[in-house]
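Working notes, structure below.
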Amino acid sequence: MWVEETLRYDTSSQILARTVAHDLTLYDTTIPEGEVLLLLPGSANRDDRVFDDPDDYRIGREIGCKLVSFGSGAHFCLGAHLARMEARVALGALLRRIRNYEVDDDNVVRVHSSNVRGFAHLPISVQAR
């Protein structure tokens, strides 16, 4: 659950580009075939019509199939299941080995990019078990 909530709350991929396969009308706007459409998974994952209190991080939140961090349909990420498993295994192993941790908030550096989010520098002190 916490992997899904983390992906919902702060997804790494912020922009997905798609080519419109046929004329598409969204609300009152028609997007012609062949145009590039930019999808914003970070925005979709914070849609208050889909998620209650979307700006709150809730570690036990039930996400279900509403998460779009890995795309959907024909464009669903082939590595999504592996990425989820790697996160659970790696962080689970880390948590079994540490008693406490502290993030040096003053020295955290985020990656600033138009399409990818993450950390360039994330200094953490840990106390072993």
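Take the Cα radius of gyration of segment 19-94 and divide it by 2.2 N^0.38 Å, with N its residue count; two decimals is plenty.
On the way: Rg = 16.3 Å, N = 76, 2.2 N^0.38 = 11.4 Å.
Rg over 2.2 N^0.38 Å, computed on Cα atoms: 1.43.
Geometric descriptor of the chain, per residue, is 139 Å³ (volume of the convex hull of the Cα atoms). Mean-square fluctuations from a GNM of the chain, with a 10 angstrom spring cutoff on Cα atoms, peak among Thr29, Thr19, Thr11 at Thr29. Helix 80-97 and the longest principal axis of the Cα set of the chain meet at an angle near 20°. Only helical runs count toward this figure. For the chain, summing -39,500 (n - 2.57) over DSSP H runs of n ≥ 4 and dividing by all residues gives -7000 deg cm²/dmol at 222 nm. Projected label points at Leu78 and Arg129, each 7 Å from Cα along the beta carbon direction, are separated by 3.7 nanometres. A Förster radius of 22 Å, combined with the Cβ-Cβ distance separating Asn115 from Leu95, puts the computed FRET efficiency at roughly 0.15. Pick from Arg46, Arg96, Arg84: which residue has the top mean-square fluctuation in a GNM of the chain where Cα pairs under 10 Å get a spring? Judging by the Gaussian network model, the answer is Arg96.
Phi angles across segment 27-41 convert, under the Karplus curve 6.51 cos²θ - 1.76 cosθ + 1.60 with θ = phi - 60°, into 3J(HN,Hα) values of 6, 10, 10, 9, 10, x, 3, x, 6, 8, 10, 9, 9, 10, x Hz, Gly and Pro given as x. With an a/c value of 1.5 or above and a/b not larger than b/c for the gyration tensor axes a ≥ b ≥ c computed over the alpha-carbon atoms, segment 73-129 is described as oblate.
For the pair Leu40 and Ile15 in one chain, pulling the backbone fully straight at 0.36 nm per residue adds 8.5 nm over the alpha carbon distance.
Just so you know, all these numbers are worked out from the coordinates, no wet-lab data involved. Here the structure is a predicted model, which is why all the values come from computation and not from measurement. Quick reminder, even Gly has a Cβ in these numbers, built from the backbone with ideal geometry, and neighbours come from all protein chains shown.
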